[in-house]
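Engineer: Input: one structure, supplied below.
The values are calculated or read from the model by the stated rules, or taken from the named source; none is laboratory data. Here the structure is a predicted model, which is why all the values come from computation and not from measurement. Reconstructed Cβ throughout: ideal geometry from the backbone, glycine too, with neighbour counts over all protein chains shown.
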Amino acid sequence: MTEITLTVNGEARTIEVDPRELLIHTLRERLNLTGAHIGCETSHCGACTVDLGGKSVKSCTVFAVQAEGAEITTIEGVATPEGMHVLQEMFREHHGLQCGFCTPGMITRAWRLLQDNPNPSEEEVRFGMSGNLCRCTGYQNIVKAVLAAADEMNAAKEAAQ
């Protein structure tokens, strides 16, 4: 076993992991953060997407030991102390989810996308979200939700200035 320290959703965590343990299993089984889902286990679906050091990663392709010292944000860390993040609200409002299995990975990926590009075009959203698959929605409402969230976040930023 190897001891690692991670900052997960703003909280420092030190745990022992098997060097071959995948980050998704560490998050779900050791830290009880079950928002990110295990989907295909081949990096194709994106259900396990988390933010690792400022980049979206599929946590089924990262060993936990590779995340040593990193800051990780999961879907549980996207929400604000006041409640749901605007992305979560917009996914609900614009029907960007159906069964919900892919939704945590979709929202976590969209969160990073909007951190990197606060005012994306529809094409940029489609490209930025292309590594996350959904078998239910057809993507139209996911794109609408991300664009609406960008508008809301930009309006809030302007109002605060």
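Engineer: If we scan region 139-157, do we find a residue that is out of contact with any His (no Cβ under 9 Å at 6 or more places or on another chain), loosely packed, with under 13 Cβ neighbours inside 10 Å, small (Gly, Ala, Ser) and outside any helix (DSSP H, G or I)?
Structural biologist: no
Engineer: I need a count of the residues in region 80-122 that are under 24 Å from ARG13 (Cβ atoms), surrounded by 15 or more Cβ atoms within 10 Å (Cβ to Cβ) and either among the charged types (D, E, K, R) or without any contact (Cβ under 8 Å) to a residue 12 or more places away in the chain (or both).
Structural biologist: Counting residues in region 80-122 that are under 24 Å from ARG13 (Cβ atoms), surrounded by 15 or more Cβ atoms within 10 Å (Cβ to Cβ) and either among the charged types (D, E, K, R) or without any contact (Cβ under 8 Å) to a residue 12 or more places away in the chain (or both) gives 2.
Engineer: Read through the list (1) surrounded by fewer than 22 Cβ atoms within 10 Å (Cβ to Cβ); (2) modelled with pLDDT of 95 or more, then give the number of the only condition that LEU6 fails.
Structural biologist: Answer for LEU6: the failing condition is (1).
Engineer: Quick one: in region 39-78, of everything that is at pLDDT below 95 and over 26 Å from ASN117 (Cα atoms), which residue is surrounded by the fewest Cβ atoms within 10 Å (Cβ to Cβ)?
Structural biologist: Applying the filter and picking the extreme gives THR42.
Engineer: Name, by its number, the condition in (1) crowded, with 16+ Cβ neighbours inside 10 Å; (2) in a helix (DSSP H, G or I); (3) within 17 Å of the chain's Cα centre (by Cα) that does not hold for ARG126.
Structural biologist: So ARG126 meets the others, but not (1).
Engineer: Quick check on region 46-65. Is at least one of its residues assigned to a helix (DSSP H, G or I), farther than 22 Å from LEU133 by Cα and of a type outside the set (Val, Ile, Thr)? Reasoning before the result, please.
Structural biologist: Residues of region 46-65 that are assigned to a helix (DSSP H, G or I), as a first pass: 64-65.
Among the residues that remain, those that are also farther than 22 Å from LEU133 by Cα are: 64-65.
Now drop any that are not of a type outside the set (Val, Ile, Thr), which leaves 64.
Yes; the residues of region 46-65 include at least one that is assigned to a helix (DSSP H, G or I), farther than 22 Å from LEU133 by Cα and of a type outside the set (Val, Ile, Thr).
Engineer: Of these, LEU147, LEU133, LEU114, which one is closer than 13 Å to HIS85 by Cβ and of a type in the set (A, V, I, L, M)? Talk me through it step by step, then tell me what you get.
Structural biologist: On the way: LEU147 fails: closer than 13 Å to HIS85 by Cβ; LEU133 fails: closer than 13 Å to HIS85 by Cβ.
So the residue among LEU147, LEU133, LEU114 that is closer than 13 Å to HIS85 by Cβ and of a type in the set (A, V, I, L, M) is LEU114.
Engineer: Identify the residue in region 6-42 that is of a type in the set (Lys, Arg) and touching a Ser or Thr at 6+ places or on another chain (Cβ under 8 Å) and, among all such residues, is nearest to VAL65 (Cα to Cα). If you could, list the steps in order and put the result at the bottom.
Structural biologist: So in region 6-42, the residues of a type in the set (Lys, Arg) come out as 13, 20, 28, 30.
Going one step further and asking which of them are touching a Ser or Thr at 6+ places or on another chain (Cβ under 8 Å), we end up with 13, 28.
On the way: ARG13: 13, ARG28: 15 Å.
Residue satisfying both the conditions and the ranking: ARG13.
Engineer: Please pick out the residue among THR49, THR34, THR42, THR26 that is of a type outside the set (A, V, I, L, M), more than 26 Å from ALA156 (Cα to Cα), out of contact with any strand residue (DSSP E or B) (no Cβ under 8 Å at 6 or more places or on another chain) and touching a residue at least 12 places away in the same chain (Cβ under 8 Å).
Structural biologist: On the way: THR49 fails: out of contact with any strand residue (DSSP E or B) (no Cβ under 8 Å at 6 or more places or on another chain); THR34 fails: touching a residue at least 12 places away in the same chain (Cβ under 8 Å); THR26 fails: out of contact with any strand residue (DSSP E or B) (no Cβ under 8 Å at 6 or more places or on another chain).
Just one listed residue meets the conditions, THR42.
Engineer: Provide a single number: the residues in region 89-143 that are of a type in the set (A, V, I, L, M) and under 14 Å from CYS45 (Cα atoms).
Structural biologist: Matching residues across region 89-143 total 4.
Engineer: Within region 81-102, restricting attention to residues that are outside any loop (DSSP other than H, G, I, E, B) and hydrophobic (A, V, I, L, M, F, W, C), which residue is farthest from VAL143 (Cα to Cα)? I'd like the intermediate steps shown before the answer.
Structural biologist: So the first thing to find is which residues in region 81-102 are outside any loop (DSSP other than H, G, I, E, B), and the list is 83, 86-93.
If we keep only those that are hydrophobic (A, V, I, L, M, F, W, C) as well, we get 86-87, 90-91.
Values: VAL86: 14, LEU87: 11, MET90: 10, PHE91: 9 Å.
Among those residues, the one meeting the criterion is VAL86.
Engineer: Then there's this: For GLY131, all conditions in the list (1) buried (at least 22 other Cβ atoms within 10 Å of the Cβ); (2) small (Gly, Ala, Ser); (3) not in a helix (DSSP H, G or I) hold save one; what is the number of the exception?
Structural biologist: Exception for GLY131: condition (1).
Engineer: For region 109-123, what are the residues that are more than 20 Å from VAL78 (Cβ to Cβ) and assigned to a loop (DSSP other than H, G, I, E, B)?
Structural biologist: Going residue by residue through region 109-123, those that are more than 20 Å from VAL78 (Cβ to Cβ) are 121-123.
Passing the criteria: only SER121.
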